[in-house]
Every structure is written in C-alpha cells, then in structure tokens.
Amino acid sequence: MKIMKHLLIVGIILCVLMPFNATAAEKPVVIGLQGPITGPWAYEGEMAKQSCEIAAQLINEKGGILGGRMVEVRVVDDAGEPKTGALAATKLVGQKDVVASVSTYGSSICEPASNIYEKFKKVNIGYGVTAVRLTQRDFKYFFRTCGRDDSQGKFFADSVPQKFGAKKIAIMHDNTAFGKGLAEDTKGALKPMLDAGTVELIYFDAITPGEKDFHVPLTQLREKKPDVWYFTGYYAEAALLVTQAREIGVTCPFVGGNAAINNEFVKIAGIDLAKGCYMTNEPLPADLPYKEAKEFLKAYKDKFGEIPSSPWPIYAADALNIIAYAIDKTGSVDSDVLAEYLRNDVNGVPGITGPIGFTAQGDREGVPFYLYVVDENGNIVISK
Amino acid sequence: MEREKTGFFGSQQSLLFAIVGIFIIYPFFVSNYYIDVAFFFGIYALLGLSLNIVLGEVGLFDLGHAGFYAIGAYTTAILNTKLGIPILVLLPVSAIAAGIFAYIVCSPIIHLRGDYLCIVTIGMGEIVRLALINNPFDLTGGPNGVYGIDFPSFGGPFVIDSSIEYYFLIWIIVVLSIIGLIRLQNSRIGRAWNCIREDEVAAGSSGIDVKSYKLLAFVIGAALAGVAGNIYASKLMAVSPESFSFWESCMLFCIVLIGGMGSIPGILIGAAFISLFPEIFRPFAMYRMLVFGLVMILMMMFRPGGVWPRKRGGPEFVSLLSRMRKKDV
C-alpha cells in the first residue's frame, strides 16, 4: 500500500511538471477555439475543431509562425448554450498562454462570450455568428470571418443587376421572418442605386406561403415587365412560382434566395423549367475556387475521409489563419496590437473562403456569397 | 439530555460557520473561471430552492419551472434594454412578474394531480419558450434573444461587474432565501403544504384550503425563479430562448430529487451536483448523460429520499435495501 502511495505521489509530481518540460523547448503559440463540441450542434463543433486542427497543421508544416514557433489549438466546449459559452470564454481568458480565440457558433452564444473576451481584452473571431447586431456594439476585440444576416441582400444588390444588365427589379417575399427580412435587407442594400436612379424597384410584395395558385400576383408581376425577379422565400413556393410564371409568360431571369433552390426545387419544377434559375447562396466548401481552399480541403480529406459538410467550419479555419497571420506579421501576441492590425492592416489576405479583410466594426469585408445556377442536368453549380 | 442537545447544536453550528467561511474566502483563492462556476452553482441553488417549494414542500410535479425562470430573465432584459430601468429595481419586478404569470397560468390547472399536472407544466414551459422564439410584439428578439443588459448598480461607483461581485450577490440572495424558506417551513403555511403533500384529502377535510395553498406555492416558487432569472440575465448581459429549454426544467427537477425533497441542505448538494459535475467532467462530456442516468437509477434504488433527506416532515421513502432487509427479518 505504501509503495502505491509513493507511486501516486511521484505520478502526481510528474504530471504537474510535465507542462514545464514541454515549455523548455520552443513554446507554441496557443490559439483558443470555443465551439459546441457537445450539445445540439455537436457536429458543427466537431468539424470546426477538425478544421482548426488542419489549419494549424498546414501552418506548422510550412514552418510555423514567428520564426519557427508552432501553432497549437486549445479547444473549449461551450455546448451550444449561452451560459456554458460564458464559462468557456472565462476559462480561455484565464489561461495566460492563449493569445486569441476563435469563438463561436451561434449568435446568442457568441453574445455573452464576446462580452467576456472584450472585458478581458482578448481578440475573438466568430465563425458561425451572423446576427447583424454583434458588430454594432463598438467592440474593439470582436471580429467575424463569416457574413451577416444582411450580407445576402447586399450581395444581390452588388452583383445581380449588373450581371443581368437589369434596370427593373422585382422582389417577392413570403412574409416569413426569414423571407421578409431578406427582402427588406435587399431593398435597403439597393437604396443607393434606387436613389441614383440606375435601377428601379417596380415590384415589392408578398405571396402567401402554402398556397398552390399564384396566378394573381404573377399577373401583376407580368404587367410590370421586370428585368430580374428575386424571390426570397422557400423552395416549395419557388418551384410553383416558376412553373406558373413561365406558363403565363413571365420570361425574366428568376433568382432565388438561399432557401429557394435545392434538389427538391428542380424535381418539382422539372429540369426544363428549373434550368437557368439562379440563386444567391453561401459557397459550399467544395465549390471554393481558391488555391488555399483546395490545399485545405485536400489535407482535411486525407485526415478525416471527407470534406466538411457545412459551410461554417471553414470560416473557423480562416479565423485561425488570420490570427496566425496577424501574429506573424506584427511579431506580437499583444491583444491591442493584434486588434489594431486586424482592423486596419488586414486587407485582401488570401484565405480559404477568399480574400480576408475587416471593416472598422469588425465585419468581414467583401461578402462570401455566390450566384448559383441550375445547369442542363439539374445540378446546382456556381454561375460563370 | 440537555447537555447532549447543546453539544449537538454546537457541532452543527460550527459546521455551518465552517461552510460559510469557506464560501467567503473561496473566491479569493481561485481563478475567475472557478468563481463563475460557483456563481452558476448559486443560480442553480436558487432555482432548486424555488422548485423545492412546489415539488418538495407541496409535492406538485412541476416540469415547466424553466418557464418562470425565463419570464424573470426576459422581464429584466426587456425592461432594462427598452426603458433603462436599473437591474436591482427590476429584481422585485421580475419576481412579481413571474409570480403573476404563475398565478394566471396555474389557477385553472391547480386541481390536476400527479402526472397530469406534470404534463400540463411541461406544456407551459414549452409554450413560454416557443413564444419567446416567435418574438411577440417585437419584444423578445426571436431566437437571437435580447442583448445589451446592464450590470446591477447601487448608484455611483458601486457597480457589480466582476465575477467576484456577482458571486457574492447571488450567494447573499441564496442565503436570504434559505433563511426565509426555513422560517416558511416551520410556519403554518409550511405545515399546511406538507400536510397536502402527505394526504390531500385529509388536508382538505381538516380545514386546509388546498387550492389556495397550492397556488401560493406556485407563486412563491415562480417568484424566486424570477429572481434567479434577473441575476442570470444581468450576468450574461444577454438572454436567449436556448437557456430555458425543457432540459433546464429537467435539471431543476433532478436537483430536488437528488438532494432530497423538501430538504434545504439537500437542494444545495443537488445543485452542486448538477452544476459542478458537467464542468468537472467536460472532457468526458460525451459520456456525461450515461453517468447521469446511472446515478439517477442508483439513487432511486438505494436512496429514494435523496442524498440528504429531510428528517422530519419529509416524505416517507423506503429504500430498496431496507425493504429487502425487512423481508429477511
């Protein structure tokens, strides 16, 4: 028994000393990752963790940062819950060696967590947080690599009228919180162009979701002769709308929001009618055209067998990349230096999800959205 | 006899002082993370105590307690962000709002017994949560919740904004609640509650107004949960519907069952178990539920009255073991 006791004591001492031994070598730069490792979004958390590990691995293979220091990811679980999120953030800011944090998935979890990061002055970059208000709090240390809820409307305004050479735009929504929100955001984003008179909003109205006959609103739409028609609702109505619109002779291009077109849409409308319908959508990992994305996805696939199935984890990898980049460029791990640098000097840095830059509020500059189109075979592909 | 009694009380008292002493010096020796863990322990202790009034004292199955908690938190959040009313003023307001809500909702269902009441309260909790998600009158902010809630302030420079101050705030409230609840337990009301729990018909026939006493338990329990909601909202500075799920109600139920129905020290143990256990075992989070279930089953088999059952006036539970032993004899 006594020997056991001694062994135990020696073991405990060893355990305590172990970390010190490790630090004797080149100290790694530790970047935190707060994510829902357990709970309802555990798959998102798991993929984010894997993505960050791959991102760190790629950096380390290229010789690390700050002249040879490795990047280490330290994961804390927030269980997809605001309370646990606050605890997880407190845990990370309490660890002196954690330089900055990638945090987190879910706007309502990010809210309390980012308050804590702000209070303890630690750079934190959200990767799955789209609520507009998060960056309207004048926080110094909060950034995000993903888009905002209103990014899609902005993307539509920035690219669609130009692409189709459209002057007369029709926007149709379905009065759901999502559909109406997107329609309003789009209208807001079009405002400068409307004021300048370069485009005209000739139709802005709602249909009733669940109905089967949309001939009445569609006839109204036809009379206005739009150049492009944006529908911000869901695919079931979208498919019926397209079918009935083509029937009564509305020929302008159809553009759906990111809930309007999917494989079901193609099935209901039929390939003939679905062909050439557009949608605004976040890029799926497999569709990203960048060199960094290809390299990342290859490493990811080699290690885990398949690429991430949701768009968010790659934003986590990009958040980690940009933190590592900023540390490397500034040669500093000081939060103030990093925050200043990210806000002012990061611009067009190549990332997995495209060039990365931040606005003064900490939002991602440039909107990571794409225009997708249904091709002849009924596949939904990026429009050239 | 006399001396023995004082001796006993003396040891209990010194134990109490020791515990209070540990609670006071604890936050000065640990990191913010552990202070916050202890803070949430306090929140759960308060919620456990509030559910204990309904479940432990009166024996009403209430699986929708998170609903009252949500009402308290959202009352604070909305009134503070929209009208700028200070958090500490909203403390009693939240309690009253949750209490009134409980009165209105529970009046028509108060005659239900056992499982039936349980089902209705589950429904109530879920309705509250769904209502919050659906953003009625643009007040609750839908799934994203309400944000930008102030810190509690006593005016001037006395603002509660650090972990340690929140820790003391919640534990002072817990201690005050405990003192109040002990007084309540020994009062006429407490005895009436226990009487209803043991035998409702007998209670009714001996002149206890069963319906009013049950409603009173719901209202007081809800008000206390509303207080917890108030502090929770100001601590997180944001509230969202995820925090008030059915799972939260289950956790509160477990606190009371694990600790011991009607036993205040038991509730504290139960709250410690529920709030500290997941934090300590976070690395093994995947197996947490498994262990949790096992513990619950073992509890029901061997200590059905809870870890620290109430000595007198507590519900009669006979454990499996003692029943077996009795059979042997």
>> Which pairs turn up if I take residues in the stretch B:205-218 that are closer than 16 Å to B:Leu55 by Cα and look for partners that are among the polar types (S, T, N, Q) and assigned to a helix (DSSP H, G or I) with beta carbon separation below 8 Å, at least 6 apart in sequence or on another chain?
In response: B:Leu215/B:Ser107
>> If I ask for residues that are part of a loop (DSSP other than H, G, I, E, B), away from chain B (no Cβ under 12 Å) and crowded, with 24+ Cβ neighbours inside 10 Å, which ones from the stretch A:101-121 would you list?
In response: A:Thr104
> Can you name the residue in the stretch A:79-96 that is more than 13 Å from A:Glu111 (Cβ to Cβ) and touching a Ser or Thr at 6+ places or on another chain (Cβ under 6 Å) and is also farthest from the other protein chains (Cβ to nearest Cβ) among such residues?
Replying inline: A:Leu92
> Right, A:Cys52: part of a helix (DSSP H, G or I), more than 14 Å from chain B (Cβ to nearest Cβ) and under 30 Å from A:Glu295 (Cα atoms) or not?
Replying inline: yes
> Of all the residues that make up the stretch B:236-270, how many are within 14 Å of chain A (Cβ to nearest Cβ), among the small types (Gly, Ala, Ser) and not in a helix (DSSP H, G or I)?
Replying inline: 3
> Pick from B:Ile178, B:Ile173: which is over 30 Å from A:Cys110 (Cβ atoms), more than 14 Å from chain A (Cβ to nearest Cβ) and at pLDDT 90 or above?
Replying inline: B:Ile178
>> Every residue in the stretch A:344-356 that is buried (at least 18 other Cβ atoms within 10 Å of the Cβ) and either in contact (Cβ under 8 Å) with a residue 40 or more places away in the chain or in contact with a Lys or Arg (Cβ under 8 Å, 6 or more places away or on another chain) (or both), please.
In response: A:Gly351, A:Ile352, A:Thr353, A:Gly354, A:Ile356
> Just checking, how many residues over the stretch B:58-90 are over 15 Å from B:Leu47 (Cα atoms) and assigned to a helix (DSSP H, G or I)?
Replying inline: 14
> Only one of (1) in contact with a helix residue (DSSP H, G or I) (Cβ under 7 Å, 6 or more places away or on another chain); (2) farther than 21 Å from A:Asp150 by Cα fails for A:Asp213. Which number is that?
Replying inline: (1)
>> When you check A:Pro308 against the structure, is it more than 30 Å from A:Leu240 (Cβ to Cβ) and out of contact with any helix residue (DSSP H, G or I) (no Cβ under 8 Å at 6 or more places or on another chain), yes or no?
In response: no
> Which members of the stretch A:297-319 meet the condition of being of a type in the set (A, V, I, L, M, F, W, C) and either more than 13 Å from A:Met47 (Cβ to Cβ) or assigned by TED's automatic domain parsing to the domain that holds A:Tyr230 (or both)?
Replying inline: A:Ala299, A:Ala319
> Would you pick out the residues in the stretch A:346-383 that are among the charged types (D, E, K, R), outside the structural domain of A:Phe155 (by TED's automatic domain parsing) and assigned to a loop (DSSP other than H, G, I, E, B)?
Replying inline: A:Asp363, A:Glu365
> So which of A:Gln136, A:Gln162, A:Gln152 is within 14 Å of chain B (Cβ to nearest Cβ) and among the polar types (S, T, N, Q)?
Replying inline: A:Gln136
>> Please go through the stretch A:204-225 and give me each residue that is under 27 Å from A:Asp158 (Cα atoms) and either touching a residue at least 60 places away in the same chain (Cβ under 8 Å) or surrounded by fewer than 19 Cβ atoms within 10 Å (Cβ to Cβ) (or both), ordered by number.
In response: A:Phe204, A:Asp205, A:Ala206, A:Gln220, A:Arg222, A:Glu223, A:Lys224, A:Lys225
>> Condition check: in contact (Cβ under 8 Å) with a residue 24 or more places away in the chain, of a type in the set (A, V, I, L, M, F, W, C), within 14 Å of chain A (Cβ to nearest Cβ) and touching an Asp or Glu at 6+ places or on another chain (Cβ under 8 Å). Does B:Ala70 satisfy that?
In response: no
> Given the conditions (1) outside any helix (DSSP H, G or I); (2) over 14 Å from the mean Cα position of the chain (by Cα); (3) under 22 Å from B:Gly260 (Cα atoms), and given that B:Ala38 satisfies all but one, which numbered condition is not satisfied?
Replying inline: (1)
>> Could you tell me how many of the residues in the stretch A:197-226 are under 17 Å from A:Lys187 (Cα atoms) and of a type in the set (Lys, Arg)?
In response: 0
>> Take the residues in the stretch A:60-78 that are over 18 Å from A:Ala299 (Cβ atoms) and not hydrophobic (A, V, I, L, M, F, W, C); name whichever of them is modelled with the highest pLDDT.
In response: A:Arg74
>> Name the residue that is nearest to the other protein chains (Cβ to nearest Cβ), counting only residues in the stretch B:209-235 that are touching a strand residue (DSSP E or B) at 6+ places or on another chain (Cβ under 9 Å) and over 23 Å from B:Leu184 (Cα atoms).
In response: B:Tyr232
> Of (1) within 13 Å of chain A (Cβ to nearest Cβ); (2) more than 23 Å from the chain's Cα centre (by Cα), B:Tyr166 satisfies all except one. Which?
Replying inline: (2)
>> Of everything in the stretch A:36-57, what is in contact (Cβ under 8 Å) with a residue 60 or more places away in the chain, in contact with a helix residue (DSSP H, G or I) (Cβ under 6 Å, 6 or more places away or on another chain) and among the aliphatic types (A, V, I, L, M)? Give them in sequence order.
In response: A:Met47, A:Ala48, A:Ile54, A:Ala55
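The values are calculated or read from the model by the stated rules, or taken from the named source; none is laboratory data. Small disclaimer: the values here were computed from a predicted structure and weren't measured. In this analysis, Cβ positions are derived from the backbone assuming ideal geometry, glycine residues included, and neighbour counts consider all displayed protein chains.
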